[in-house]
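To start, the structure under review is shown below, and the notes come after it.
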Amino acid sequence: GTTLGASAAESGRYFGTAVANYKLSDATYSGILDREFNMITPENEMKWDATEPSQGSFNYSSADAIVAHANAHNQRMRGHALAWYSQQPPWAQGMEGTALRNAMVNHITNVATHYKGKIYAWDVVNEAFADGGGGGRRDSNLQRTGNDWIEVAFKTARAADPGAKLCYNDYNTDGVNAKSTGVYNMVKDFKARGVPIDCVGFQSHINSGSPLPSDYQANLQRFADLGVDVQITELDIQGSGTAQANSYATVVKSCLAVARCTGITVWGIRDSDSWRSGDTPLLFDNNGNKKAAYTSALNALNSG
Ligand code: G3I
């Protein structure tokens, strides 16, 4: 193939990007988006603070605009994210206990129902595990409602949109480590008990402080072996030139080597679109030109 999306599709995979709705009117941005990518994750527009700014009052205008764009350009959607400790609306941030649990369930039901049939995969729960060596849950208002909050979230999402793949998504879980093993044990338990989970997302925000782990592929494979799909969901790699290009190729080849790795999403289009633009972590430069990392990723897709 001659584009990322077409090349990924040759092995039944997708190549996606995070999209910010307010950038769709930028012709350079949308030109690259529609040429190269066949999966879209809204960067912020489907989060709790965006979709339920006051309790029980839902606003889907920005997210709907992205879905409409995707429909018009043969792109599928990853939904992000139904339940997360961060980017909660102020009214939810101060809640606890049964009231918060009920608010979470109502939120998931409403959002997943609004987008029923339109989402390939949902990040049902995002970033629920703690960093460091403990392998346990992250403390949050949601966690304090009871350890079963994650499985309740998944069951609620399944009831609302039975056709969507339901994913757990996290960062610093890209290699075999205490955090990823904590997630692994949760997924194993969910599969054993019949809690609905279909996929695990590996954000893969790679920087010099947490470089690409040598066991990246092996980690994807051990999750796939539990009977879930795996996806690279927010890829960006700090750096430039050959080193960055090689890291992108390694990520692509690792996904292609794992049968249940169904696709790769980068977290933005141009370096200037990145949440950490100073790291120049993406595939296109600030002017929209293809970087060495782009060519390397494309070649890796086509050599699979
Ligand atoms: O919308 C407001 C705007 O009204 C206001 O004027 C402006 C002033 O700061 O802020 C705008 O909101 C910002 C929002 O992005 C939209 O641009 C928030 O401050 C800012 O915090 C928010 O950052 C997002 C971040 O998640 C929040 O946690 C990034 O764009 C987004 O790339 C980032 O994405 C996360 C994934 O969801 C989860 N994994 C990690 C990843 C990177 O942090």
Requested in this report: Within segment 77-106, work out how many residues are more than 16 Å from the ligand (Cβ to nearest atom) and either touching a helix residue (DSSP H, G or I) at 6+ places or on another chain (Cβ under 7 Å) or among the hydrophobic types (A, V, I, L, M, F, W, C) (or both).
Outcome: 10
**Report entry** Candidate set: segment 184-224, residues that are in contact with a Ser or Thr (Cβ under 7 Å, 6 or more places away or on another chain) and of a type in the set (S, T, N, Q); chosen: the one nearest to the ligand (Cβ to nearest atom)
**Finding:** 203
Query raised in the report: Taking segment 261-275 as the region of interest, how many residues are open to solvent by 30 Å² or more (accessible area, probe 1.4 Å) and within 11 Å of the ligand (Cβ to nearest atom)?
Result: 1
Query - Candidates 177, 102, filtered to the one that is open to solvent by 40 Å² or more (accessible area, probe 1.4 Å), over 17 Å from residue 48 (Cβ atoms) and modelled with pLDDT of 95 or more - result: 177
**Report entry** Residue count, segment 12-50 (criterion: more than 20 Å from the chain's Cα centre (by Cα) and closer than 21 Å to residue 201 by Cβ)
**Finding:** 0
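Okay, residues lined up against (1) among the charged types (D, E, K, R); (2) in contact with an Asp or Glu (Cβ under 9 Å, 6 or more places away or on another chain); (3) open to solvent by 10 Å² or more (accessible area, probe 1.4 Å):
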residue	(1), (2), (3)
209	no, no, yes
213	no, yes, yes
216	no, yes, no
220	no, yes, no
230	no, no, no
239	no, yes, yes
244	no, no, no
250	no, no, yes
**Report entry** Single residue of 123, 131, 49, 64 found to be open to solvent by 20 Å² or more (accessible area, probe 1.4 Å), within 16 Å of the ligand (Cβ to nearest atom) and not in a loop (DSSP other than H, G, I, E, B)
**Finding:** 49
**Report entry** Selection count, segment 134-149, where residues are over 14 Å from residue 48 (Cβ atoms) and either within 16 Å of the ligand (Cβ to nearest atom) or open to solvent by 70 Å² or more (accessible area, probe 1.4 Å) (or both)
**Finding:** 5
Report task. Could you tell me whether residue 174 is within 16 Å of the ligand (Cβ to nearest atom) and in a loop (DSSP other than H, G, I, E, B)? Result -> yes
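The values are calculated or read from the model by the stated rules, or taken from the named source; none is laboratory data. Predicted, not measured: the structure shown is a model, and the values here were computed from it. Neighbour counts run over all protein chains shown; Cβ positions are idealised from the backbone, glycine included. These area figures cover heavy atoms from the full protein model, side chains too; ligands, DNA and RNA do not enter into them. Shrake-Rupley method; radii C 1.70, N 1.55, O 1.52, S 1.80 Å.
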